[in-house]
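*Asks:* Quick one: structure below, then a few questions.
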Amino acid sequence: MAKKLNMRKRYELLTRGLGWEPSYQSKDKVFAQEAYEGIKITDWSKWEDPFRLTADAYWKYQAEKDKKLYAVMDSFAQNNAHLNLADASYVNALKLFIQGVSPLEYAAHRNFARLARQFSGEGAQIACQMQSIDELRHAQTQIHTISHYNKHFHGMHDPFHMFDRVWYLSVPKSYFDDASAAGPFEYITSVSFSFEYLLTNLLFVPFMSGAAYNGDMATVTFGFSAQSDESRHMTLGLEIIKFLLEQHEDNLPIVQGWIDKHFWRAYRLLGLVAMMQDYFLPESPMSWKEGWQIYFVENAGALFNDLGRYGLKMPKYHEIATAEADHISHQVFGIFYNYIHAAAFNLGLPSEQKMNWLSEKYPDTFDKYYRPRMEMWAEMAKDGKRFFNMGLPQLCQVCQIPMGFTEIAKGDPMQVAYRVSEFKGEKFHTCSDGCKDIFDHEPEKYVNAWLPVHQIFQGNCGGAAVPDVLNWYHFHPEDGGDYAGSADEARWKAMKGAVTTESTETTKPIQADAA
Amino acid sequence: MSENKVFMIFQNTADAQPFISAFAQENPAATLDYQPGMVRIESLGQLGITQEVVSELAGREVNLQELHLTLISLSGNIDEDDDYFRITRH
């Protein structure tokens with residue numbers, strides 16, 4: 001009788017064993033994207049498979065994960081569990097999530113399908129195929145989970161339309177478009193390593209734990225369910241880097257350049273997550289800075305220590321990102337506070353209790369730089385002079401964030417930072433040395449950036465007045481603005497009040513979305 | 001001394017319990033940090049479990065790949081086979 005094969009052997013037969021040599025087309029024609037980036041692969045069979053998950057086991061476990069998740073979602077909806085949230089202001093985090101993150105999952109699904117087709121090594125093909133399916137699952141489960149909230153709150157009715165148009169969503173979109181417009185090896189270095197391995201823990205771990213803390217069991221479940229796939233994606237990111245560096249020494253400078261670039265791009269995008277972590281969660285188990293310390297400083301430190309034997313260094317400007325951890329969430333909040341009338345979520349100034357928490361978590365910066373600002377804004381609002389910025393901001397040509405970041409690393413946190421590059425007689429502005437380096441390395445690419453502010457001025461966004469543009473975004477008038485006095489706040493109060501009077505108000509969907 | 005830290009994060013659920021307990025039992029130097037909804041198991045250099053111990057704790061024959069159902073995140077280089085799962089720093 002045949003002996004049972006061990007895991008390694010089984011996996012080899014069910015991956016490598018399925019490959020073949022093309023006979024009527026040359027290999028470099030079949031895998032046409034594999035060479036042009038300058039990466040040298042001498043032997044794909046040296047690919048080491050982390051997580052030896054074969055297709056049959058993959059489907060079995062994914063089906064199990066989905067069953068568990070849908071059971072939670074069903075019981076969440078059945079029990080009107082949105083009423084158990086710490087506060088409805090928490091839902092604003094979900095709005096930003098469905099608008100800005102779920103479309104990235106879908107983009108990743110498409111791109112990993114491309115990679116599965118374009119890599120000639122079977123081990124990498126299988127890993128990318130599974131990841132492509134995972135990413136589609138994430139987009140679907142997020143849409144499905146958040147659809148329950150869409151019945152009761154505003155701003156979640158058309159995220160994919162918004163993603164392609166809205167000023168603040170061009171930040172995640174442009175990062176992914178940048179990676180998607182690159183070759184397969186740059187894409188996988190960007191998304192699997194710089195984004196997933198180095199930084200997604202910051203999005204999914206403390207934030208989802210925060211969802212648990214705020215009574216949102218449905219989001220915790222989809223978040224952690226997605227993150228269980230993420231562990232596999234992260235190991236793919238680590239494997240691709242080790243594989244490329246082992247294949248040829250000429251790959252090192254190319255890979256280092258990509259890691260530097262995409263670390264900075266992904267880090268800039270996570271400014272939105274920093275704001276969510278510190279300002280959107282009514283109850284916060286962990287600050288952005290604490291998360292950064294654990295999941296970037298310690299984790300990446302250990303990782304790059306490991307990768308040092310290949311000559312790889314920590315991403316360029318990582319020390320600037322760490323210095324900015326004391327400031328970034330407050331600065332991004334400041335930008336949104338100015339422009340919240342043009343967003344599809346609500347925002348409010350932090351309560352006294354929240355500010356005390358921020359003072360405790362940010363002892364070197366919050367009281368000194370940011371509390372006085374919040375107090376002044378509160379004072380102005382009280383006097384009927386709530387400040388909304390009606391002008392359009394200058395955007396960074398690379399990260400597309402309004403130019404509101406400051407010279408923190410230079411020890412001047414009150415001085416707005418901007419850099420200028422010239423290309424073919426025109427000036428282009430960037431928000432930091434990190435973004436300027438990226439621009440200067442490939443100016444031909446970034447001069448083509450679709451910058452929302454420029455597009456509005458060029459008349460490409462529905463009209464010249466703010467309501468015209470918001471209409472073109474498919475925003476409803478009640479989607480944005482201050483949380484205090486918002487439609488969501490009023491509805492939340494009605495729902496909570498309705499519980500005591502036993503009315504059916506709690507279970508009725510809002511009219512706009514029921515129609 | 002964080003240069004060679006490794007970690008595993010699991011959902012804090014009944015299904016994950018045999019894995020969490022096995023990590024605690026088989027890695028006496030590991031620390032367990034409970035956060036809302038999750039537990040983070042951390043150590044220096046390496047963390048590992050065996051199928052024998054996980055099965056003993058679960059009271060049934062466990063396939064170690066079942067950890068995919070409740071795993072949230074990890075950091076380290078993976079080494080796995082039918083009878084063990086390990087993450088290490090080189």
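*Asks:* What number of residues within the stretch A:137-161 are under 16 Å from A:GLN99 (Cα atoms) and in a helix (DSSP H, G or I)?
*Replies:* 16
Rundown of residues vs (1) farther than 14 Å from A:ASP488 by Cβ; (2) of a type in the set (D, E, K, R); (3) buried (at least 24 other Cβ atoms within 10 Å of the Cβ), yes/no style:
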| residue | (1), (2), (3) |
| --- | --- |
| A:ASN84 | yes, no, no |
| A:ALA88 | no, no, yes |
| A:ASN92 | no, no, yes |
| A:GLU105 | yes, yes, no |
| A:ARG117 | yes, yes, no |
| A:ALA124 | yes, no, yes |
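*Asks:* Name the single residue, out of those in the stretch A:162-200 being of a type in the set (D, E, K, R) and not in a loop (DSSP other than H, G, I, E, B), that is farthest from A:LYS242 (Cα to Cα).
*Replies:* A:LYS173
*Asks:* Scan the stretch A:291-302 and tell me whether some residue there is acidic (Asp, Glu), crowded, with 20+ Cβ neighbours inside 10 Å and not in a loop (DSSP other than H, G, I, E, B).
*Replies:* Taking every residue of the stretch A:291-302 in turn, none turns out to be acidic (Asp, Glu), crowded, with 20+ Cβ neighbours inside 10 Å and not in a loop (DSSP other than H, G, I, E, B).
*Asks:* Could you grab me the full set of residues in the stretch A:11-69 that are assigned to a helix (DSSP H, G or I) and more than 14 Å from chain B (Cβ to nearest Cβ)?
*Replies:* Of everything in the stretch A:11-69, those that are assigned to a helix (DSSP H, G or I) and more than 14 Å from chain B (Cβ to nearest Cβ) turn out to be A:LEU13, A:ARG16, A:GLY17, A:LEU18, A:LYS27, A:ASP28, A:LYS29, A:VAL30, A:TRP44, A:SER45, A:LYS46.
*Asks:* Identify the single condition in (1) out of contact with any Gly (no Cβ under 8 Å at 6 or more places or on another chain); (2) touching a residue at least 12 places away in the same chain (Cβ under 8 Å); (3) surrounded by fewer than 17 Cβ atoms within 10 Å (Cβ to Cβ); (4) under 26 Å from B:GLY37 (Cβ atoms) that A:SER359 does not satisfy, given that it satisfies every other one.
*Replies:* (4)
The rows are residues; the columns are (1) buried (at least 17 other Cβ atoms within 10 Å of the Cβ); (2) among the charged types (D, E, K, R); (3) at the interface with chain A (Cβ under 8 Å from one of its Cβ atoms).
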site: B:GLN11; (1), (2), (3): yes, no, yes
site: B:ALA29; (1), (2), (3): no, no, no
site: B:LEU32; (1), (2), (3): no, no, no
site: B:GLN51; (1), (2), (3): yes, no, no
site: B:GLY59; (1), (2), (3): no, no, no
site: B:SER73; (1), (2), (3): yes, no, yes
site: B:HIS90; (1), (2), (3): no, no, yes
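*Asks:* Which members of the stretch A:396-436 meet the condition of being within 23 Å of A:LEU270 (Cβ to Cβ) and hydroxyl-bearing (Ser, Thr, Tyr)?
*Replies:* Correct list: A:THR406, A:TYR418, A:THR430, A:SER432.
*Asks:* Okay, moving on. Taking A:THR219 as the residue in question, decide whether it is more than 15 Å from A:SER194 (Cα to Cα) and either surrounded by fewer than 24 Cβ atoms within 10 Å (Cβ to Cβ) or within 14 Å of chain B (Cβ to nearest Cβ) (or both).
*Replies:* Taking the combined requirement at face value, the residue satisfies it.
*Asks:* Still on this structure, please answer the following. For the stretch A:265-323, what are the residues that are more than 13 Å from every other protein chain (Cβ to nearest Cβ), touching a residue at least 60 places away in the same chain (Cβ under 8 Å) and charged (D, E, K, R)?
*Replies:* If the condition is that a residue be more than 13 Å from every other protein chain (Cβ to nearest Cβ), touching a residue at least 60 places away in the same chain (Cβ under 8 Å) and charged (D, E, K, R), then A:ARG265, A:ARG268, A:ASP278, A:LYS289, A:LYS316, A:GLU319 are the ones that fit.
*Asks:* Next question, about the same structure. Quick one: is B:SER55 among the hydroxyl-bearing types (Ser, Thr, Tyr) and at the interface with chain A (Cβ under 9 Å from one of its Cβ atoms)?
*Replies:* Here the answer is no, as B:SER55 does not meet what is asked.
*Asks:* Kindly provide the set of residues from the stretch B:47-90 that are of a type in the set (Asp, Glu) and not in a strand (DSSP E or B), ordered by number.
*Replies:* B:GLU52, B:GLU56, B:GLU61, B:GLU66, B:ASP82, B:ASP83
Quick grid of which residues meet (1) aromatic (Phe, Trp, Tyr); (2) modelled with pLDDT of 90 or more; (3) under 30 Å from A:PHE222 (Cα atoms):
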residue: A:GLY38; (1), (2), (3): no, yes, no
residue: A:ALA63; (1), (2), (3): no, yes, yes
residue: A:LEU83; (1), (2), (3): no, yes, yes
residue: A:TYR90; (1), (2), (3): yes, yes, yes
residue: A:ILE98; (1), (2), (3): no, yes, yes
residue: A:LEU104; (1), (2), (3): no, yes, yes
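*Asks:* When you scan the stretch A:222-232, how many residues do you find that are more than 8 Å from chain B (Cβ to nearest Cβ) and either buried (at least 24 other Cβ atoms within 10 Å of the Cβ) or aromatic (Phe, Trp, Tyr) (or both)?
*Replies:* 4
*Asks:* Look at A:GLY411 and say whether it is modelled with pLDDT under 95 and not charged (D, E, K, R).
*Replies:* So A:GLY411 fits the description; yes.
*Asks:* Exactly one of (1) surrounded by 22 or more Cβ atoms within 10 Å (Cβ to Cβ); (2) within 14 Å of chain B (Cβ to nearest Cβ); (3) not small (Gly, Ala, Ser) is unmet by A:PRO159. Its number?
*Replies:* (2)
*Asks:* Name every residue in the stretch B:1-46 that is part of a loop (DSSP other than H, G, I, E, B), at pLDDT below 95 and within 22 Å of B:HIS90 (Cβ to Cβ), in order of residue number.
*Replies:* Scanning the stretch B:1-46 gives B:MET1, B:SER2, B:GLU3, B:ASN4, B:GLY45.
*Asks:* Further, regarding this structure: Cβ-Cβ under 8 Å, sequence separation 6+ or interchain: first residue in the stretch A:29-57 and at positive phi and not assigned by TED's automatic domain parsing to the domain that holds A:ASP229, partner at pLDDT 95 or above and part of a loop (DSSP other than H, G, I, E, B). Which pairs?
*Replies:* A:GLY38/A:ASP250
*Asks:* Would you call B:VAL6 free of Cβ contacts under 8 Å to residues at least 40 places away in the same chain and within 11 Å of the chain's Cα centre (by Cα)?
*Replies:* no
*Asks:* Mind listing whichever residues of the stretch A:184-216 are facing chain B (nearest Cβ under 9 Å) and of a type in the set (A, V, I, L, M)?
*Replies:* Answer for the stretch A:184-216, where residues must be facing chain B (nearest Cβ under 9 Å) and of a type in the set (A, V, I, L, M): A:VAL205, A:MET208, A:ALA211, A:ALA212.
*Asks:* Looking at this structure, is A:PHE333 within 14 Å of chain B (Cβ to nearest Cβ), touching a residue at least 24 places away in the same chain (Cβ under 8 Å) and buried (at least 20 other Cβ atoms within 10 Å of the Cβ)?
*Replies:* Criteria not met by A:PHE333.
*Asks:* Next question. Looking for whichever is buried (at least 17 other Cβ atoms within 10 Å of the Cβ) and farther than 30 Å from A:ASP479 by Cβ here; the options are A:PHE76, A:PHE97, A:PHE51. Which one fits?
*Replies:* Only one candidate qualifies: A:PHE51.
*Asks:* Does A:GLY257 meet the test of being of a type outside the set (Phe, Trp, Tyr), touching a residue at least 24 places away in the same chain (Cβ under 8 Å) and on the phi < 0 side of the Ramachandran plot?
*Replies:* Yes; evaluated as a whole, the condition is true for this residue.
The values are calculated or read from the model by the stated rules, or taken from the named source; none is laboratory data. Keep in mind that what you see is a predicted model, and the values were worked out from it rather than measured. Virtual Cβ from ideal backbone geometry, glycine too; neighbours counted across all protein chains shown.
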